[in-house]
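The values are calculated or read from the model by the stated rules, or taken from the named source; none is laboratory data. Please read all numbers here as calculations on a predicted model, not as lab measurements. A quick note on method: Cβ atoms are made from the backbone with ideal geometry, for glycine too, and the neighbour counts reach across all protein chains shown. Surface areas here come from the heavy atoms of the whole protein model, side chains and all, with no ligands, DNA or RNA. Shrake-Rupley method; radii C 1.70, N 1.55, O 1.52, S 1.80 Å.
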Amino acid sequence: MKVLIQNLQKISRLATDLIQQYEPDVMLAQEINISSENSEDFVTHNTSKLGYGTAIYSRDETPTEIKLVDSPYAEFGGFIYKKTTIATTHGVQFVSFHGYNGTPFKSIKKLVAHVDAVLKVLTDGPAVFAGDFNTWSKEFLDAVTIVLEKKGFRLVFNWPYTGRDFPLDHAFTRGVDIEEGKSTYFSCASDHNGALLQLALSSNK
């Protein structure tokens, strides 16, 4: 199963273009500009009134068990809440996550609270929890990893953000294995690199 993960930076039609280019089975999109994309591809999304947020695309299968979760904390200014989309497809529960940012007052506690809010609504079983976590340093990632590991997740892949020493984007899985040597990252019109992961259900799930 090929899974594409991308922060789209609100660029028009970028999700549709990437689907056509890479032909993933599943796409986890963050900062999607939903009104510019193929509406049939992205019926599963958690977006603002302006049409920005997260979404999940699934090839040849309609997602089920859809859940939409907002960060418990607003971004600076008090109006924007980062959004998460959750759906089950291809036998796996997928989480398209765009974590609490907090700029200029970054907070590990508030990012962890956002991750916790999502974990509380997940069901047991195979899952992929991935996207732009806004992990500004190793301390941020360590805190998030501890919370996710308690629920059976493990960090399987992260990929660089150009110009930063530490990655913002990560993929955690539970009951799902990454196929070694078959996953990579790529650049596109967004300021974030994207990831292409080749995944399979664990034999001991």
In the chain, what % of DSSP beta bridges are antiparallel (nearest 5)? 80
Within straight cross-link reach of LYS83, meaning Cα distance under 22 Å, which lysines are found once same-chain residues fewer than 8 apart are removed? LYS10, LYS49, LYS67, LYS106, LYS109, LYS110, LYS120, LYS151
Heavy-atom SASA rank of ILE80, ILE19, ILE11 (probe 1.4 Å, accessible area, largest first): ILE80, ILE11, ILE19
By the gyration tensor of its Cα atoms, with a ≥ b ≥ c the square roots of the eigenvalues, what is the shape of region 113-205: rounded for a/c under 1.5, prolate for a/b over b/c, or oblate? oblate
In region 19-42, which residues have a backbone nitrogen under 20 Å from the label point lying 7 Å from LEU201's Cα in the Cα-to-Cβ direction? 25-27
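Chymotrypsin sites (Phe, Trp or Tyr not before Pro), restricted to region 72-123: which are DSSP loop and have at most 10 other Cβ atoms within 10 Å?
Passing sites in region 72-123 are PHE79, PHE105.
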How far apart, in nm, are two points set 7 Å out from the Cα along the Cα-to-Cβ line at GLN9 and at LEU68? 2.7
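Give a quick list of trypsin sites (Lys or Arg not before Pro) in region 1-92 that DSSP marks as loop, anything other than H, G, I, E or B, with at most 11 other Cβ atoms within 10 Å.
LYS49
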Between the alpha carbon centres of region 109-144 and region 13-49 the gap in Å comes to 22
How much of the accessible area of region 50-154, in percent, comes from carbon and sulfur atoms when a 1.4 Å probe is used? 56
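Show me the ranking of peptides 3-9, 159-165 by mean Cβ neighbours inside 10 Å, starting with the highest.
3-9, 159-165
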Region 40-157, accessible area per residue, ligands and nucleic acids excluded (1.4 Å, Å²): 47
I want to check the label-to-label distance for SER107 and LYS120. Put each point 7 Å from Cα in the C-beta direction and report it in nm to one decimal. 1.5
Which one is right for this structure if Rg and Dmax of the Cα atoms in Å is calculated from it: (i) 15.4, 47; (ii) 21.6, 73; (iii) 20.4, 69? (i)
So what is the relative contact order of the chain, in percent, for Cα pairs below 8 Å that sit 6 or more residues apart? 19
Debye log10 I(q)/I(0) at q = 0.29, 0.32, 0.33 Å⁻¹ for region 55-95, Cα point scatterers: -0.93, -1.06, -1.10
Mind listing the phi-derived Karplus ³J(HN,Hα) values for region 31-43, rounded to whole Hz, using 6.51, -1.76 and 1.60 with θ = phi - 60°, and x for any glycine or proline? 6, 6, 9, 4, 5, 8, 9, 5, 4, 6, 7, 10, 6
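Under the rule that an exposed site lies in a DSSP loop and has at most 12 other Cβ atoms within 10 Å, name the longest stretch of the chain with no GluC sites (Glu not before Pro) of that kind, not counting the sites themselves.
Result for the longest clean stretch: 62-178.
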Mind giving me the nanometre distance, one decimal, between the label points for PHE186 and LEU50, set 7 Å out from Cα along Cα→Cβ? 2.8
